[in-house]
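> The structure is given below, and queries will be raised subsequently.
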C-alpha cells in the first residue's frame, strides 16, 4: 500500500517549527521520514521560505536552512497545470492546485474554514484529524 500523500498548508509548517510537541510537528516529521508523501509546488515552497524567515518567528537561520533543505529533499515537486479560484483567501488556492496536481489524499491546514471539505479526491483536515486517521488509537 503506498504512503498517503499530503499537501501541508504553510500554517502547519510554521506551527511545526514553533511547537515541537504539537500535531503539526508530528505531521511534518511523518513527511520528512517518508511515512507520508509530501507534495508541494515551487510557489508553496517559496511561501514556506518567506513566512518562516519572518523576524517575528525568530527561527535560527541555520536551523531554517536545514529544515527547508530536508523539506525540499522529502517532497514530491509538482507543477500545477491549472489555476483555481475556490478558496475564501485567494492566496490559499495554490494548496488546492498542488493537491489536485499531485492527486493528494489530504490537504492539512489549520484554517479548514478557508477550504472546501474535499477537493476531488483530496480531503481537507487539520493536523489532529490527519494523525488520528493515519494512526488509529493515537488520540491524546
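FYI, it's all coordinate maths here, none of it is from the lab. If you're wondering where the values come from, they're calculated on a predicted model, not measured in any experiment. Heads up, the Cβs are rebuilt from the backbone with ideal geometry, glycines too, and the neighbour counts pull from every protein chain shown.
> Above 16 Å lies some portion of the pair distances; for the range 31-140, what is it as a whole percent of all C-alpha pairs?
More than 16 Å apart: 64 percent of the Cα pairs in the range 31-140.
> Could you list the residues of the range 3-19 with an amide nitrogen less than 19 Å from a label point located 7 Å from the Cα of residue 70 in the Cα-to-C-beta direction?
Flagged as within label range: 6-19.
> How far apart, in nanometres, would the label points at residue 112 and residue 3 be if each is projected 7 angstrom from Cα along the Cα-to-Cβ direction?
About 2.5 nm, to one decimal.
> Quick check on the chain: of the DSSP beta bridges with both residues there, what percent are antiparallel, nearest 5%?
Once the DSSP bridges in the chain are tallied, antiparallel ones form about 15 percent.
> Could you work out [θ]222 nm for the chain from helices alone, using -39500 (n - 2.57) per DSSP H run of at least four and dividing by all its residues? Round to the nearest 500 deg cm²/dmol.
Result for the chain, helices only: -13000 deg cm²/dmol.
> Under 18 Å from a label point 7 Å along Cα→Cβ of residue 91: give me every residue in the range 35-51 with its amide N that close.
Once the point is set 7 Å along Cα→Cβ of residue 91, 41-51 turn out to lie under 18 Å by backbone N, inside the range 35-51.
> Sorted by average packing, counted as other Cβ atoms within 10 angstrom per residue and highest first, what order do 36-42, 7-13, 118-124 take?
Packing order, densest peptide first, comes out as 7-13, 36-42, 118-124.
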